[in-house]
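The values are calculated or read from the model by the stated rules, or taken from the named source; none is laboratory data. Every value quoted in this text rests on a predicted model; they were computed, and no experiment measured them. Glycine gets a Cβ as well: all are built from the backbone with ideal geometry, and neighbour counts include every protein chain shown.
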Amino acid sequence: MSDLERRDLDRRKPLWPQIAEIIKDQIRSGELAPGDRIPGIHALMQEYSVTNSTAQKALKHLKDADWAESWSGSGTYVKGNPEAEEPPSPPSP
């Protein structure tokens, strides 16, 4: 997995939604695929100069919105893109 896209955050707005949106953009674009590890709390803190709490909120939002899942002791991984269209169901006979 490549490093997080470097994007300046607007410090006048809440930071955790901006970080979550950056990660969502990476999932939408395919840069992060299902099963890929999402950068952890410490990586997010360092990359964006944010607090532990801010990084935790960003990851929690991704999990709550079904973009990611955590595996105990292993990290947070891309679950999928809940915005993607479901493939059409086959016609009934």
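In the range 48-79, what residues are more than 15 Å from Lys24 (Cα to Cα) and buried (at least 18 other Cβ atoms within 10 Å of the Cβ)?
Tyr48, Val50, Thr54
Give the range 35-45 a look and list any residue that's in contact with a Phe, Trp or Tyr (Cβ under 8 Å, 6 or more places away or on another chain) and on the phi < 0 side of the Ramachandran plot, or say none.
Across the range 35-45, the qualifying residues are Asp36, Arg37, Ile38.
Could you please find all residues in the range 19-43 being free of Cβ contacts under 8 Å to residues at least 40 places away in the same chain and assigned to a helix (DSSP H, G or I)?
Selection gives Ile19, Glu21, Ile22, Asp25, Gln26, Ser29, Ile41, His42, Ala43.
Looking only at residues in the range 54-82 that are farther than 20 Å from Trp16 by Cα and in a loop (DSSP other than H, G, I, E, B), which one is modelled with the highest pLDDT?
Within the range 54-82, the match that is modelled with the highest pLDDT is Ser74.
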